[in-house]
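Heads up: the structure comes next, in structure tokens.
The values are calculated or read from the model by the stated rules, or taken from the named source; none is laboratory data. For clarity, every value in this text was computed on a predicted model and none was experimentally measured. FYI the Cβ positions are ideal-geometry reconstructions off the backbone, even for glycines, and counts take in every protein chain you see.
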Amino acid sequence: MIRPILKMGTPSLMQASLPLPSSAFNSPELHALIADMQETMIAAKGAGLAAPQIGENIRVVIFEIKNNPRYPDAEPVPFTVLINPELLPISDEQDDGWEGCLSVPAMRGLVPRLKALRYTGFDAAGQKIDRTVSGWHARVVQHECDHLDGVLYPMRMTDMSQFGFTEVLFPELVGQDDD
Ligand code: NI
């Protein structure tokens, strides 16, 4: 079921989310939540979605980049369900990149992120995930996991002159999403 996406200003988006209890792995409720998240993300042409964006304050994110018209230059990232994630920096090298967010519709901002990192967590069945990634994959993981701590990308920006409307900054992307 496609669920409404909460927008910036909604208090629950600014709250830290709770870990998924181990008893909830592989449960019908978890699979239903993930199915809703995936449908909602695809319908909005998002690259990722965090459970709090549909009003569920638990530590579950999904992401995938595959010919995404919102992010035409991003390299592919496999569809991933990541639960109770931990991000482990492997160097402090950062990179600036343009981000959007389904909770901040019609806007883009230039956001500094770690260039590379290791992340761990679990899939829906409770199997351990442990990956070392860089580039777009690293950026999308940092963006989505920030949602679990109540952080939206504008809160990570260091130069607010690099924040604006998609139609002004990237007119070629207008109409590629429902923002
Ligand atoms: Ni977002």
Which ones in segment 153-173 are free of Cβ contacts under 8 Å to residues at least 12 places away in the same chain and of a type in the set (S, T, N, Q)? SER161
What number goes with the only condition from (1) more than 14 Å from the ligand (Cβ to nearest atom); (2) surrounded by 16 or more Cβ atoms within 10 Å (Cβ to Cβ) that ALA50 does not pass? (1)
Say we look at segment 95-106 and pick out the residues that are away from the ligand (no atom under 11 Å from the Cβ) and of a type outside the set (Gly, Ala, Ser); which of these is farthest from PRO4 (Cα to Cα)? ASP95
Of all residues being of a type in the set (Asp, Glu) and farther than 15 Å from LEU13 by Cβ in segment 48-93, which is modelled with the lowest pLDDT? Just the residue, please. ASP73
Flagged pairs (Cβ under 6 angstrom, 6 or more apart or on separate chains; first in segment 141-152, more than 8 Å from the ligand (Cβ to nearest atom); second in a loop (DSSP other than H, G, I, E, B)) are LEU148/SER17; LEU148/ARG59; ASP149/ALA16; GLY150/GLN15; GLY150/ALA16
For segment 31-64, name all the residues that are within 12 Å of VAL81 (Cα to Cα) and either hydroxyl-bearing (Ser, Thr, Tyr) or part of a strand (DSSP E or B) (or both). GLY48, LEU49, ALA50, VAL60, VAL61, ILE62, PHE63, GLU64
Which one of these does ASP36 not meet: (1) within 15 Å of the ligand (Cβ to nearest atom); (2) farther than 21 Å from LYS128 by Cβ? (1)
Do we find that ASP92 is over 16 Å from the mean Cα position of the chain (by Cα) and part of a strand (DSSP E or B) in this structure? no
